Amino acid sequence: MKQEFLLPDLGEGLTEAEIVQWLVAEGDTVTLNQTLAEVETAKAIVELPSPHAGVITSLHASAGDVVAVGAPLVGFEVEGENAPAPKAPAAAEVEDGSGPNLVGYGAAPSNGRPQRRARRSAAGASGSSVAVAADADVRVAAPHDAIELAPTAPMRGERPRSTPPVRAYAKSLGVDLVLVAAELGDRVITRADVDAYRERLEQRSAGQRVEQSTAPAAAPARAAVGERATTRIPVRGVRKHTAEAMVHSAFTAPHVTTFHTVDVTATSELIASLRASAKPDAPRIGVLTVVAKAVCLALAHHPGLNARWDGDAGEIVQQHFVDLGIAAATERGLIVPIIRDAERMPLGELAAAIAELTRVARSGKTPPADLAGGTFSLTNIGVFGIDAGTPILPPGQTGILALGAVRRLPWEYRGEIALRDVMTLSLSFDHRIVDGAEGAQFLKAVADVLQEPGRAMLLA
């Protein structure tokens, strides 16, 4: 009996998803819950498990296509004449790992390694068909890389093993990591491997040119007079969602940003002391962790910064819990995953939560549910060497604090000039909810804890 699998609602009101890669091909026999594809929503990369056990008769989209929720995605031939067509489950209907988990991690990969993103139209065929498909893709996207190679391609359903920076570097050079992996075998591909592969390609190309002709090389093509090069980048996924959210926030909430530069030498000394006495497996405490704790303590005394605007009800809703957003720069764009009930966490637990949040965000596996509902956010622009900025509020939040770089500067200390650790804090807030005085008082409360960490005991 033929069955059609429609793209399900992946949660949080998302209306479409982009096919990242197929892990199966037409004609494959699949089992229930076997991962069919990876799709990218506006918030995360999601693995789609199979709702049927049977044979795949058709794939209705290719890698890179954007598919609307409810549109046909996969055709199946299943046993039985009266097999009911299952309804595509929404995220909230899945409670455990026994059924298809359509949000977050999906079915676990059999080899224990994380699924790495790649652009292939059909990764589920046999080894020979994978090589043919990969070679065909290369001939279209990067003809100079299309070289017949004898070694076998990576195993079924696998992508070349590499890190996100290496994948981005290879993509910028037009190098297909499938072909690199075919030469290197089953190991992690490094930047040096990409450079070596590209050098070999250039040497082969040069040798072919010498053999084919001894005529002088043609002059390189030049752009017409007045013509200037441009690049068009499709706005999809996280980038599209972030753009829409930022425009909505900027033109809905009247933003005000205030700055404060503070001596954080005592915080630096505290962090050094905690690291020196920590166990080897203890979470690493840094400036971001201490600032996060200071923010949680200060919000309890300045609830306006932890409130939201309910225009329909004509009310300001104060929230007596802190769902703390931590801005994370990822390969796919900026996302702000949430630490729930951060105000209840001691410093070490908060450090572990931030580390895990960052790790999952950079892997592209943050579940959509972890990206919604924050009450206050932090963004650490200091890691880029920046001192201050004017951060835009995530929609629905009243405050966001940017941490600048910690710099060793001459500073007034006890009536004298001394070298001190100094950092600038930049607080943006919604002026409909918070006036300038309350914003300044909150920022000063956070700064006081960073300047004298013992003051945290007064706020606890």
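Observations on the structure shown:
- Selection status of Glu315, within 26 Å of Gln441 (Cα to Cα), in contact with a helix residue (DSSP H, G or I) (Cβ under 6 Å, 6 or more places away or on another chain), open to solvent by 20 Å² or more (accessible area, probe 1.4 Å) and charged (D, E, K, R): no
- Residue that is most open to solvent (accessible area, probe 1.4 Å) [pool: residues in segment 267-286 that are in a helix (DSSP H, G or I) and in contact with a helix residue (DSSP H, G or I) (Cβ under 6 Å, 6 or more places away or on another chain)]: Leu270
- Against the list (1) touching a helix residue (DSSP H, G or I) at 6+ places or on another chain (Cβ under 9 Å); (2) among the small types (Gly, Ala, Ser); (3) open to solvent by 20 Å² or more (accessible area, probe 1.4 Å), the condition Gly373 fails is (1).
- Considered as a group, the residues in segment 328-338 that are in contact (Cβ under 8 Å) with a residue 40 or more places away in the chain and open to solvent by less than 30 Å² (accessible area, probe 1.4 Å) include one that is nearest to Ser363 (Cα to Cα), and that residue is Thr330.
- Residue ID - most open to solvent (accessible area, probe 1.4 Å), chosen from residues in segment 415-447 that are touching a residue at least 24 places away in the same chain (Cβ under 8 Å) and of a type in the set (Asp, Glu): Glu438
- Single residue of Arg344, Arg420, Arg414, Arg407 found to be charged (D, E, K, R) and touching a Phe, Trp or Tyr at 6+ places or on another chain (Cβ under 6 Å): Arg420
- With respect to the conditions (1) farther than 18 Å from Ala245 by Cα; (2) within 21 Å of the chain's Cα centre (by Cα); (3) open to solvent by 60 Å² or more (accessible area, probe 1.4 Å), Asp323 falls short on a single one, namely (3).
- When Leu347, Leu324, Leu270 are screened for being within 18 Å of Leu401 (Cα to Cα), touching a residue at least 12 places away in the same chain (Cβ under 8 Å) and of a type in the set (A, V, I, L, M, F, W, C), only Leu324 passes.
The values are calculated or read from the model by the stated rules, or taken from the named source; none is laboratory data. Model, not experiment: these values are computed from the prediction. Every residue, glycine among them, receives a Cβ derived from its backbone with ideal geometry; neighbour counts consider all protein chains shown. Quick note on the areas: whole protein, heavy atoms, side chains included, nothing else; ligands and nucleic acids left out. Shrake-Rupley method; radii C 1.70, N 1.55, O 1.52, S 1.80 Å.
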